[in-house]
Amino acid sequence: MIMIIGGAYQGKLAFAKKIYPDVTWADGAVCTEEELYSCEGIYHFHQYIERKIKEGEPIDDLAEELIRKNPELILITDEIGYGIVPVDRMEREYREQTGRVCTHLAAYSEKVYRVMCGIGQVIKEV
């Protein structure tokens, strides 16, 4: 697994497409669970998690299922924990759950990039 993280609108997808030009990408904002477990790469992964939480679906095992079913995935997600803590309970839960899932996936990943202003930096490489 490879993770690409960074703030919103920092050029993560363009960066990923440049270094992995032959990958077919799924959009986490709209993809199905089947697509998540079978795609080569996914962007907006944080939106996939948000959608599942809003639909009332548990995501406690999402990281383990993803590792088991799609271990070669290239995953792009926004870093969402650096802003102001939201007043809304659902927003706080979404941020916490996303952070927990992504922390688990980053620990598993062979390589993790952080992208700022379109420039990627390797922050983990096994």
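Data table
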| read-out | value |
| --- | --- |
| Any pair with Cβ under 6 angstrom, 6 or more apart, that starts in the range 95-124 at a residue that is more than 17 Å from Arg68 (Cα to Cα) and open to solvent by 80 Å² or more (accessible area, probe 1.4 Å) and ends at one that is hydrophobic (A, V, I, L, M, F, W, C) and assigned to a strand (DSSP E or B) | Ile123/Val112 |
| Of residues in the range 74-87 being touching a Ser or Thr at 6+ places or on another chain (Cβ under 9 Å) and in a loop (DSSP other than H, G, I, E, B), the one surrounded by the most Cβ atoms within 10 Å (Cβ to Cβ) | Ile80 |
| Matching residues in the range 8-30 - criterion: being at pLDDT 95 or above and within 19 Å of Gly99 (Cβ to Cβ) | Gln10, Lys12, Gly28, Ala29 |
| Gln47 being touching a Phe, Trp or Tyr at 6+ places or on another chain (Cβ under 7 Å), of a type in the set (S, T, N, Q), closer than 29 Å to Pro21 by Cα and open to solvent by 40 Å² or more (accessible area, probe 1.4 Å) | no |
| Pick from the range 1-16, criterion under 25 Å from Glu65 (Cα atoms) and assigned to a helix (DSSP H, G or I), ranking: most open to solvent (accessible area, probe 1.4 Å) | Leu13 |
| Failed item, numbered, when Thr98 is tested on (1) β-branched (Val, Ile, Thr); (2) more than 26 Å from Val126 (Cβ to Cβ); (3) assigned to a helix (DSSP H, G or I) | (2) |
| Filter result for the condition that a residue is open to solvent by less than 80 Å² (accessible area, probe 1.4 Å), in a helix (DSSP H, G or I), without any contact (Cβ under 8 Å) to a residue 60 or more places away in the chain and among the β-branched types (Val, Ile, Thr), over Ile67, Ile53, Ile59 | Ile53 |
| Leading residue by the ranking (farthest from Val126 (Cα to Cα)) among those in the range 26-41 that are open to solvent by 50 Å² or more (accessible area, probe 1.4 Å) and touching a residue at least 12 places away in the same chain (Cβ under 8 Å) | Ser38 |
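The values are calculated or read from the model by the stated rules, or taken from the named source; none is laboratory data. Model, not experiment: these values are computed from the prediction. Cβ sites come from the backbone with ideal geometry, for glycine too, and all protein chains shown count toward neighbours. Note: areas computed on protein heavy atoms with side chains; ligands, DNA, RNA excluded. Shrake-Rupley method; radii C 1.70, N 1.55, O 1.52, S 1.80 Å.
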